[in-house]
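Single-structure report; data block below.
What follows draws every value from the coordinates through simple rules; no lab data is involved. The model shown is predicted, which means the values in this text are computed figures rather than measured ones. When we count neighbours, we look across all protein chains shown, and the Cβ atoms used for this are built from the backbone with ideal geometry, even at glycine.
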Amino acid sequence: MKIEIKLTDNTNCFIIKNMYPLYLHDISGIHGILPNEYGIFEEEPIRTLAEQYDIQQVWFENPNVLYPYLIVVDNIPAGFCLVGSGKYVAKGVDYFVYETFLLSPFRGKSIAYQAMIEIFEKHHGKWSLFTHLAENNIRAKTFWYKTIGGYTENQYTTEEKIIDEMFKLVFRFDN
């Protein structure tokens, strides 16, 4: 199995944009979010998936501070990881993992683990990310403990914190 991490731009950003509604559907069960009145998983009154495309455009117009990575397995788009830096991260943080998603057929095969290790290796500094603390999010929490723990040899910190009115588990580490 060949796993590749590809930084996307305006020429191929549509692939991540195609997967983004699937990601939002996936996390809606964890966050308890319902679709809006138009059947779109967005808080704003977004009426179509085409409109939702535009919301993500910022990721593809800010190279060197926003890193929209496509995860490809055997030449098939399998998921994505959105990493921010610069003005898009909190003070004291160099890189923040905003979103990580892997399509269902690719889960449970260490693909996301390998992809994240490669992404971490591309950017050295102070990292942060968070995941939902809910009991029904055990898979994501387990993934991040395993991935960050393995990558850092357990040299990381966690903190339970309320962010955007939701309980989150915040991970921090340096590489």
Cα-Cα P(r), the stretch 3-174, percent of pairs per 10 Å interval: 9, 37, 41, 12, 0
At least 27 Å along the helix axis (C-alpha) and Kyte average at least 1.0, DSSP helices within the chain: none
P(r) tail fraction, the stretch 48-102 - alpha-carbon pairs more than 18 Å apart, %: 42
Loop-resident sites, the stretch 1-97, for trypsin sites (Lys or Arg not before Pro), counting at most 14 other Cβ within 10 Å (DSSP): Lys2, Arg47, Lys91
Gap separating the Cα centres of the stretch 132-175 and the stretch 111-129, nearest whole Å: 14
Alpha-carbon gyration tensor eigenvalues x 5, square-rooted, for the stretch 118-163, Å: 20, 12, 10
Cross-link table Lys141/Lys168; Lys91/Lys161; Lys109/Lys146; Lys17/Lys126, entries beyond 19 Å C-alpha to C-alpha: Lys17/Lys126
